[in-house]
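The structure appears right after this line, and notes come after that.
The values are calculated or read from the model by the stated rules, or taken from the named source; none is laboratory data. Bear in mind that the values here come from a model prediction, so they are computed numbers and not experimental data. Here the Cβ positions follow ideal geometry from the backbone for every residue, glycine too, while neighbour counts run over all protein chains shown.
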Amino acid sequence: MITKDLLSILQSVGLEEKQAALYLAGQQLLSAPASAYAKQTGLNRVTAYTVLEELVGRGLFTVMKKNRTKWYAPVAPEYLAVEARKNVDALQRSLPELRSLRGAEERKPVVRFFQGWDGVKHVYEHTLTARSELLNYANSAIVRSHWERYDEEYVAQRVERGIKLRGIAPDDVAGRMVHGEDKERLREIRLVPAKDFNFDNEINIYDSTVAIVTFGERAEDAFGVIIESREVAETQRQIFEMAWRYARMSRRRR
């Protein structure tokens with residue numbers, strides 16, 4: 001049964017009302033001529049045919065001929081999810097450029113706060129929109145104690161997207177283990193004395209953004225902050241570079 005919720009969801013990812021109705025009908029028909037789609041959706045045959053051709057043009061339907069008649073079949077729902085994510089990622093990447101079109105007096109920092117573990121995950125997802133490298137302060141042990149599949153679910157995505165990372169982490173068992181996997185994880189980590197620098201939260205600097213994550217003892221205590229400001233990000237980037245140089249010198253002295 002097709003619900004209004006499903007129609008609304010499909011429209012929210014870029015399908016028009018008739019396109020959404022035909023796509024949902026296709027999930028039931030699988031492969032059928034335009035006449036069957038028209039009957040299933042209540043559209044007239046000419047309209048169904050025209051909209052199906054539009055969907056073929058968008059890559060959301062495939063078409064083949066059977067007995068001189070065109071039969072249409074929708075792509076898998078997973079494909080729609082991938083395409084929707086691409087659109088969201090593209091928009092996120094273009095936000096700094098879009099903001100730059102405003103007058104200087106209108107370019108104010110944007111600060112967003114996210115509560116709980118779902119909010120923290122959202123902050124991490126935002127870092128995957130980075131066009132520049134990630135500059136990172138993190139405690140390798142803390143993040144993995146709260147997120148057991150951190151490497152499989154987050155780091156793997158970062159690597160897949162080709163986002164490089166330079167990081168500073170405490171020199172402890174977890175830090176040395178993570179540092180040993182730098183090459184295959186598309187990153188370079190420098191370790192600093194854990195007794196002096198035992199970071200309790202994680203900071204990522206990228207593009208015009210600074211993202212901060214803090215883990216609490218309980219999932220509901222966790223929170224994240226995203227600050228979008230060219231000036232703030234540039235200052236934090238300079239501070240990171242200063243710490244990066246210190247980390248190299250500190251390593252040499254040990």
| If Ala73 satisfies every condition in (1) within 30 Å of Ser35 (Cα to Cα); (2) under 22 Å from the mean Cα position of the chain (by Cα); (3) at pLDDT 85 or above but one, which is the exception? | (2)
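Pick out the one residue from Glu202, Glu188, Glu181 that is part of a loop (DSSP other than H, G, I, E, B) and modelled with pLDDT of 85 or more.
Values: Glu202 fails: part of a loop (DSSP other than H, G, I, E, B); Glu188 fails: part of a loop (DSSP other than H, G, I, E, B).
Answer to the check: Glu181.
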| query | How do the pairs read when you match residues in region 151-165 that are over 16 Å from Lys121 (Cβ atoms) with residues anywhere that are modelled with pLDDT of 90 or more and in a helix (DSSP H, G or I), using Cβ under 9 Å and keeping only pairs 6 or more apart or on different chains? | reply | Val159/Arg185; Ile163/Thr127; Ile163/Gln157; Lys164/Arg158; Leu165/Val155; Leu165/Arg158; Leu165/Arg185
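I need the full set of residues from region 38-63 which are over 35 Å from the mean Cα position of the chain (by Cα) and touching a residue at least 24 places away in the same chain (Cβ under 8 Å), in order please.
Across region 38-63, the qualifying residues are Leu43, Thr47.
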| request: Just give me the residues in region 1-43 being under 18 Å from Val75 (Cβ atoms), of a type in the set (S, T, N, Q) and not in a helix (DSSP H, G or I), in sequence order. | output: Ser31
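Yes/no per residue for (1) surrounded by fewer than 21 Cβ atoms within 10 Å (Cβ to Cβ); (2) touching a strand residue (DSSP E or B) at 6+ places or on another chain (Cβ under 9 Å); (3) within 16 Å of Val120 (Cα to Cα):
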position	(1), (2), (3)
Ile189	no, yes, no
Ala194	yes, yes, no
Tyr206	no, yes, no
Thr209	no, yes, yes
Gly216	yes, yes, yes
Ala222	no, yes, yes
Ile226	yes, yes, yes
Val232	yes, yes, no
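Just need a number here: residues in region 46-94 that are closer than 30 Å to Thr129 by Cβ, in a helix (DSSP H, G or I) and among the aromatic types (Phe, Trp, Tyr).
Step one: of region 46-94, the residues closer than 30 Å to Thr129 by Cβ are 54-55, 57-61, 74-94.
With in a helix (DSSP H, G or I) added as a condition, the list becomes 54-55, 57, 77-94.
Filter once more, keeping what is among the aromatic types (Phe, Trp, Tyr): 79.
Qualifying residue count, region 46-94: 1.
Looking only at residues that are charged (D, E, K, R) and crowded, with 16+ Cβ neighbours inside 10 Å in region 152-179, which one is nearest to the chain's Cα centre (by Cα)?
As a first pass, look at region 152-179 and keep what is charged (D, E, K, R): 152-153, 158, 160-161, 164, 166, 171-172, 176.
Remaining after also requiring crowded, with 16+ Cβ neighbours inside 10 Å: 158, 166, 171-172.
Numbers: Arg158: 9, Arg166: 19, Asp171: 29, Asp172: 30 Å.
This residue is Arg158.
Quick check on this structure: which one of Gly59, Gly26 is modelled with pLDDT of 85 or more and at positive phi?
Working: Gly26 fails: at positive phi.
So the residue among Gly59, Gly26 that is modelled with pLDDT of 85 or more and at positive phi is Gly59.
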| Only one residue in Glu16, Glu105 is surrounded by fewer than 15 Cβ atoms within 10 Å (Cβ to Cβ), modelled with pLDDT under 90, among the acidic types (Asp, Glu) and assigned by TED's automatic domain parsing to the domain that holds Ile226. Which one? | Glu105
| said: So Arg99 ticks every box in (1) at pLDDT 85 or above; (2) within 30 Å of Ser229 (Cα to Cα); (3) buried (at least 16 other Cβ atoms within 10 Å of the Cβ) but one. Which box is left unticked? | reply: (1)
